[in-house]
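Working notes, beginning with the structure itself.
The values are calculated or read from the model by the stated rules, or taken from the named source; none is laboratory data. Owing to the predicted nature of the structure, the values given are computational and were not obtained by experimental measurement. Note that we place each Cβ from the backbone using ideal geometry, even for glycine, and neighbour counts take in every protein chain shown.
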Amino acid sequence: MMYVCCTRDENFKSNISVEEEFLPRQNGDLTIIYDVIRTYDSNYWAQVSIENHNPLGRLDNWKLSWDWMMDEFIYTMKGAYPYVVDSSDCIFGPQATFYKEIDFANVLNCERRPTIIDLTPTKYNDTTFGLKPFCCRNGTILPPSMDPSKSTSVFQMQVFKMPPVLNRSDLTPPQNWKINGTLNPDYQCGPPVRVSPSQFPDPSGLPSSSTAVASWQVVCNITHPRGVSPRCCVSFSAYYNDSVVPCNTCACGCASNTERTCSATAPAVLLPPEALLISSDNRTALARAWADLKHQSVPNPMPCGDNCGVSINWHLYTDYTHGWSARISIFNWDEIAFPDWFAAVKLDKAAAGFKAMYSFNGSMVKGVNSTIFMQGLPGLNYLVAETDGADLQKNPRVPGKQQSVISFTKKSMPGLNVAAGDGFPTKVFFNGEECSLPKIYPTGNGNRREPTMTLWIFLATVLGMLMQQ
């Protein structure tokens, strides 16, 4: 039997200062964990884990950026890739002077502020850049309630350091983190905070865990910056009025030079239902004809379109004693498709009566009051991009479209006035982005005419206008 005696070294000082002591991990809409998993004197391997915690948050084609603080550079990566592959800053900088043995043609990125993107699914089994769990999804991160296995994205990278931090324990995390997507919420990220080292299950299946050398957490929360326009909008319509309340003028922004051709401040004019199938910048003739038919004046110049890549129509479908129903239609006017899309509507007074959704999967959102979450049925959750019409000279481009009817009950909901506004959402989200809402509801003032007569008069008016051109 052997005994070992240990004596305390009174002169020993820990590498971890008081400021670096571990802090508890915080909650946020989205968190980023920066784990150093292997370290050497001149370089280390880091694993970056992006985790979505918001039930309505989402990222598509995410782009992640940060600032290096000590002239570091990325030598290689697995599970992600730099948006720009460029080693020129190293070649003409101090890195090439110090690392004379490195062939910088093989270095991935030397920018002080690199931007990282996810890989495509075809790269998942790539022996050089793939073969990492939770990678290679085209930058899509879904809400955990939608698919927990797709609510995280992970990649690894080899980072080379520069003097004077050339020892294994000198580890400095990047600062000024930023993450965004294509049609997604805006996130504001805090500074990295030192937390207890992450633990990882043994890849061989043994009942043990490995621990990171050091870990930092970055907490990001959804924000609504002033002056930033939404990227989706909503129109309202109802069974008791044959006019559509369209998306707001310039709901998703307008170019600064549009004032000569259209008004960015004039309120949007009512539209016929058929106009919902035509992009907002091609509805002028229909809007004028409909206004003439309804004996309503129009501004001069006409209001600009909404300029949104995605528009959603909420139609009050029926209203009876014991229940009511609505139809939601989602239009994609963009050139990119939306796989695994989702939408959500907040109904302050009526959401508790939600019964069923017939062409989508629908459910109440846990932890978010009065909000209904919806997504496409399995195999049908792909919102296609805008496509060309049958005849490019005569037919406008056709948006991607999906729709469903939603039924509600009025049981135990006395005083619910669906037509007066209780049946219209107070917030609408598409892929996590909050959409612009109209400022008015359809009115039931007897403006609805006999459908057949209205249709014939409208078609005759449009035909007359076309013949005069």
Does Tyr34 satisfy the criteria of being free of Cβ contacts under 8 Å to residues at least 60 places away in the same chain and within 17 Å of Phe134 (Cβ to Cβ)? no
Counting just the residues of region 194-208 that are under 26 Å from Gly28 (Cα atoms) and of a type outside the set (D, E, K, R), which one comes out modelled with the lowest pLDDT? Pro201
Enumeration of residues in region 187-220 that are surrounded by fewer than 18 Cβ atoms within 10 Å (Cβ to Cβ) and either closer than 28 Å to Leu437 by Cβ or in contact with a His (Cβ under 7 Å, 6 or more places away or on another chain) (or both): Gln188
Pick from region 153-171 the residues that are out of contact with any Gly (no Cβ under 8 Å at 6 or more places or on another chain) and part of a strand (DSSP E or B): which of them is surrounded by the fewest Cβ atoms within 10 Å (Cβ to Cβ)? Gln158
Looking for something surrounded by fewer than 20 Cβ atoms within 10 Å (Cβ to Cβ) and assigned by TED's automatic domain parsing to the domain that holds Tyr320 - is there at least one such residue anywhere in region 230-251? yes
Picking from Asn332, Asn313, Asn381, Asn307, the residue that is surrounded by 15 or more Cβ atoms within 10 Å (Cβ to Cβ), of a type in the set (S, T, N, Q) and at positive phi would be Asn307
If you scan region 381-398, which residues turn out to be more than 30 Å from Pro144 (Cβ to Cβ) and either in contact with a Ser or Thr (Cβ under 8 Å, 6 or more places away or on another chain) or not in a strand (DSSP E or B) (or both)? Glu386, Asp388, Gly389, Ala390, Asp391, Leu392, Gln393, Lys394, Asn395, Pro396, Arg397, Val398
Please work out if Asp281 is among the acidic types (Asp, Glu) and in contact (Cβ under 8 Å) with a residue 40 or more places away in the chain. no
Given the conditions (1) under 29 Å from the mean Cα position of the chain (by Cα); (2) farther than 24 Å from Ala337 by Cα, every one holds for Ala212 apart from (1)
By my count, strands (runs of 3 or more DSSP E) wholly in region 268-380 with at least 1 residues that are out of contact with any Gly (no Cβ under 6 Å at 6 or more places or on another chain) and under 25 Å from Asn61 (Cβ atoms) are 310-319, 323-332, 342-346, 360-364, 371-376
Among (1) farther than 30 Å from Asp41 by Cα; (2) out of contact with any Lys or Arg (no Cβ under 8 Å at 6 or more places or on another chain), where does Thr140 come up short? (2)
Would you pick out the residues in region 399-426 that are among the aliphatic types (A, V, I, L, M) and either in a strand (DSSP E or B) or touching a helix residue (DSSP H, G or I) at 6+ places or on another chain (Cβ under 9 Å) (or both)? Val405, Ile406, Met413, Leu416
Let me confirm something: among Asp118, Asp126, Asp147, Asp103, which residue is among the acidic types (Asp, Glu), touching a residue at least 12 places away in the same chain (Cβ under 8 Å) and farther than 23 Å from Val36 by Cβ? Asp147
Select from region 243-267 the residues that are part of a loop (DSSP other than H, G, I, E, B) and small (Gly, Ala, Ser) and write down the one among them that is nearest to Ile330 (Cα to Cα). Ala251
Any strands (runs of 3 or more DSSP E) falling wholly within region 43-128 and containing at least 3 residues that are on the phi < 0 side of the Ramachandran plot, in contact with a Ser or Thr (Cβ under 8 Å, 6 or more places away or on another chain) and not aromatic (Phe, Trp, Tyr): 43-52, 63-67, 115-118
Taking the stated definitions as given, is Tyr83 more than 28 Å from Asp126 (Cα to Cα) and modelled with pLDDT of 95 or more? no
